[in-house]
Amino acid sequence: MGKRILLVDDEPLILKGLKYTLEQDGYETDTAVDGQEALDKFFSGVYDLVLLDVMLPKMNGFDICKTLRGENRTTPI
């Protein structure tokens, strides 16, 4: 089983390119297009890495990062 990465960006072409490239290298990926979806997916799954855009709808990347850093289970991320 490969490492799991959550990709967060509101640009579909960027997500598509990142997803394709990372999956070709053996990573498992999930995508989110806004801040709330990113948090929902993060808290319902287990990820080794989160690649996060800063300018997102609903919640910006800085706020998402602060929320994730406040969780005990995010220490290795």
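Bear in mind these aren't lab numbers, they're just calculated from the coordinates by the rules spelled out. Treat the numbers as computed from the prediction; the structure is a model and nothing was measured. Counting neighbours? That spans all protein chains shown, and the Cβs are built from the backbone with ideal geometry, glycine included.
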Only Cα pairs within less than 10 Å get springs; with that Gaussian network setup on the chain, which residue of Leu56, Leu22, Leu39 has the largest fluctuation?
Leu22
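Starting from the Cα gyration tensor of the chain, take the square roots of the eigenvalues, sort them a ≥ b ≥ c, and report rounded, prolate or oblate (rounded when a/c is under 1.5, otherwise prolate if a/b is larger than b/c, else oblate). Show your work: numbers first, answer last.
Details: a/c = 2.17, a/b = 1.15, b/c = 1.88.
Oblate shape, in that a/c is at least 1.5 and b/c is the bigger or equal ratio.
Summing -39500 (n - 2.57) over the DSSP H runs of n ≥ 4 in the chain and dividing by its residue number, what mean residue ellipticity at 222 nm do you reach, to the nearest 500 deg cm²/dmol? Display every interim value, and only then the final one.
On the way: 3 runs with 32 residues, N = 77.
Helix-only estimate at 222 nm: -12500 deg cm²/dmol.
Give me the number: length gained by fully extending Cys65 to Glu28, i.e. 0.36 nm times residue separation minus the C-alpha to C-alpha distance, one decimal in nm.
Numbers: separation 37, 0.36 × 37 = 13.32 nm, distance 2.09 nm.
Taking Cys65 through Glu28 to full extension adds about 11.2 nm, to one decimal.
Just subtract the alpha-carbon distance of Gln36 and Lys3 from 0.36 nm times their residue separation and send over the number in nm, one decimal. Numbers along the way, then the final one.
Details: separation 33, 0.36 × 33 = 11.88 nm, distance 2.28 nm.
Net length gain for the segment: 9.6 nm.
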Neighbourhood net charge (14 Å Cβ-Cβ; Lys/Arg +1, Asp/Glu -1) for Glu23
+1
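Over the chain, what is the relative contact order in percent, taking alpha-carbon pairs closer than 8 angstrom and at least six residues apart?
Details: 109 pairs, mean separation 26.0, N = 77.
Value for the chain: 34 percent.
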